[in-house]
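One structure is given here, and the rest of the page talks about it.
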Amino acid sequence: MKAVILAAGRGKRLKCSRPKPLTLLLSRTLIDRVIDNLKKAGIDEIIVVYSDDRVKAELEGKAELVFNDDIGKGGGYSLLKGASAVGDEDFLLLMSDHIFDSESLVKLLSSKPNITTLCIDRNLKGHDSEDATRVLVDREGNVTSIGKELKEYNAIDTGIFYCTPDVTNITRDFAGKFSVTDVMGKLALKKKLKTFDITGDFWCDVDTREKLKEAEDILLNSLIKPTDGIISKHINRKISIKISKFLVNTHLTPNMISFISFLFGLFSAALFAMGQSIIAGIVAQISSILDGCDGEIARLKGLVSPSGAIFDAILDRYADMLIILGIIASNPQSLWLVGGLAMLGSYSISYTSSKAELRGITFTRLYEVLMNRDTRLFLIFLGGITGFLYAILVILALFTNLVAFLRIFYFSKRYE
């Protein structure tokens, strides 16, 4: 399947010197984010309708480019140019300034539409309904009317469409200036426009500076993962996201940040071994916080990769073991046994997590995530600043191994 992205808009309300599609959102252009989400949904044939040569220069080699030779004719004319390039087949229609979750596209395509379909949001209070395109939907899910001036409406147009050749045919009937909404309104009158509800999914129409800031905040908040441990969710993420917001505008790569986090872990291990437990504990916690930044930067910059995840995981294991070895080295006669058990349990937690991930299992219950890496390093931080390192190692030895055995029990029940 092909996708058409309308990117001929000038974006005057954004008050930016760059063309609207090239507006930066956390170091990446709006249109790059749209293209990335299409590729995540399995769409590789992408057509971009543009009017500014700067957009053409930016997207050369990333998509098929179609020039809008008369921007004065409106967005409907851009749709005509894009639809004509597609030919007589179904296609996705997207706006270059609408940011969304790729899962919305996956769900739309999985529904296998057989008629032109608009993705709608029924959360009227969650979006600026004064500026949004309003939609009135009947009980069967058909669009009865669409437009910005509707007095009666029950949904918002998200700017995501599944288009059939009906769209191309009707678009050719227009003359003069017309919009995408005009085209969809005509389809609605012919009862050829249905809806697909994506209420609750992330999307944002970025057409003002305020909306750009809103999209930034939503993207940053999306970095919080459902699998985050207690400490990560309530402490580390609140700090790491602020750091990532700054780092995303630098040339640091996720792998570089992973290595910096590892160096802090190595430094912490050395400090523990030298008896500098307070500073060592603080450095261990800094390492834990930075460990969240590599993944956050990868997601914000579109640099997520299996090799990066493996690199990060291996460095984390080395850092974990070295930090505990550093603690043992500070008093080997009394700490070797409990420290060894803590190392064994810590490794087992990480190992069972990786095995679960391979099988598509996500640990979310409290006892399942109780001793995740963020919690373990936070306990070591507490042990360092309080001096109760033996007690912390005992806690780690007991609970990491207990959770590991609970996970083994879970696996055995699920796959017996």
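The values are calculated or read from the model by the stated rules, or taken from the named source; none is laboratory data. Fair warning: this is a prediction, and the values are worked out from it, not measured in the lab. Cβ placement follows ideal geometry from the backbone for every residue including glycine, while neighbour counts extend to all protein chains displayed. Accessible surface areas use protein heavy atoms only, side chains included; no ligands, DNA or RNA. Shrake-Rupley method; radii C 1.70, N 1.55, O 1.52, S 1.80 Å.
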- Where the accessible area of the stretch 1-90 is counted over protein heavy atoms with a 1.4 Å probe, how much of it, in %, is carbon and sulfur? 43
- Message: Under 5 Å between amide hydrogens, which residues at least 5 positions from Ile160 or on another chain qualify, with H placed 1.01 Å from N in the peptide plane?
- Response: Cys119
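Just want to confirm a number: the relative contact order over the stretch 292-387, from Cα pairs under 8 angstrom separated by 6+ residues, in percent.
18
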- Item | Nearest-0.05 FRET efficiency for Ala270 and Tyr347, computed from C-beta distance (R0 30 Å) | 0.90
- Query: Hey, what D do you get for the stretch 1-106 in µm²/s if you plug the Kirkwood alpha-carbon radius into Stokes-Einstein at 20 °C and 1.002 mPa s?
  - Reply: 156
- When ligands, DNA and RNA are left out and all protein chains stay put, how many square angstrom of accessible area per residue does the stretch 220-264 have with a 1.4 Å probe? 58
- Mean separation of Cα contacts under 8 Å, 6 or more apart, over the residue count of the chain: relative contact order %: 14
- Based on DSSP H runs of at least 4 residues, each adding -39500 (n - 2.57), what is the mean residue ellipticity at 222 nm of the chain after dividing by all its residues, to the nearest 500 deg cm²/dmol? -17500 deg cm²/dmol
- Message: Restricting to Cα atoms and excluding each atom paired with itself, what does the Kirkwood estimate give for the stretch 229-288 in Å?
- Response: 12.5
- Message: Could you put Phe378, Phe100, Phe405 in order of accessible surface area, largest first, with the 1.4 Å probe and the full protein assembly present?
- Response: Phe405, Phe378, Phe100
- Ranked by accessible surface with a 1.4 Å probe, highest first, in what order do Asp53, Asp207 come? Asp53, Asp207
- Item | Where N is the number of residues in the stretch 76-235, Cα Rg divided by 2.2 N^0.38 Å | 1.12
- Of all accessible heavy-atom area on the stretch 218-260, the percent that carbon and sulfur account for (1.4 Å): 69
- Task: On the full set of protein chains, 1.4 Å probe, figure out the accessible area of Met274 and give it in Å² to the nearest 10.
- Result: 130
- Task: Note down the nm distance, to one decimal, between modelled labels 7 Å out along Cα→Cβ at Lys242 and at Tyr390.
- Result: 3.8
- Inter-part distance where the stretch 237-310 and the stretch 27-71 are each reduced to a Cα centre, Å: 33
- Message: Given the whole protein assembly as supplied and a 1.4 Å probe, what does the accessible area of Trp203 come to in Å², nearest 10?
- Response: 20
- Query: In the stretch 173-235, if every C-alpha pair distance is counted and binned at 5 Å from zero, what percent goes to each bin?
  - Reply: 3, 12, 12, 12, 14, 14, 11, 7, 5, 5, 3, 1
- What is the count of Lys pairs in the stretch 180-306 whose alpha carbons sit under 25 Å apart, if the two are 8 or more places apart or on different chains? 23
- Accessible solvent surface per residue of the stretch 1-109, calculated while the other protein chains remain in place, 1.4 angstrom probe, Å²: 40
- Item | Theoretical gain in end-to-end length, Leu124 to Leu303 [0.36 nm per residue, Cα-Cα removed] | 61.1 nm
- Task: Provide the FRET efficiency to the nearest 0.05 for the Glu103-Gln333 pair, computing r from the beta carbons and using R0 = 45 Å.
- Result: 0.25
- Query: Hey, could you pull the Cα Rg and Dmax for the chain, both in Å?
  - Reply: 26.2, 87
- For the stretch 271-370, taking Cα atoms only, what is the radius of gyration to one decimal and the Dmax to the nearest whole Å? 15.7, 48
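Please report, in debye to the nearest 20, how large the charge dipole of the chain is about its Cα centre when each Lys and Arg carries +1 at its beta carbon and each Asp and Glu carries -1 there.
460
Pairs of alpha-carbon atoms within less than 8 angstrom and 6+ residues apart define the contacts here; what relative contact order does the stretch 114-256 have, in percent? Intermediate values should be presented prior to the final figure.
Values: 170 pairs, mean separation 38.1, N = 143.
Result for the stretch 114-256 is 27 percent.
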- Bin width 10 Å, alpha-carbon pairs only: give the P(r) of the stretch 192-304 as whole percents, running from 0 to the bin holding the largest distance. 13, 34, 30, 14, 7, 2, 1, 0
- At R0 = 25 Å, FRET efficiency that the Cβ-Cβ distance of Leu150 and Lys177 yields, to 0.05: 0.75
- Note on the chain, DSSP bridge orientation, antiparallel percent to nearest 5 equals 50
- Note on the structure: Counting only residues 5 or more apart in sequence or on a different chain, those whose built amide H sits under 5 Å from that of Asp197 are Ile120
- Note on the structure: Of the DSSP H helices in the chain, the ones reaching 30 Å or more along their long axis in Cα terms and averaging at least 0.0 in Kyte-Doolittle hydropathy are 277-301, 306-330, 332-358, 389-415
- Karplus ³J(HN,Hα) for the stretch 199-206 (6.51 cos²θ - 1.76 cosθ + 1.60, θ = phi - 60°; Hz, whole; x = Gly/Pro) runs 4, x, 7, 6, 7, 7, 8, 8
- Given backbone amide H placed at 1.01 Å from N, residues whose amide H is under 5 Å from that of Thr133, ignoring those fewer than 5 places away on the same chain, are Asp157
- Exposure rank, largest accessible area first [His234, His98; 1.4 Å]: His234, His98
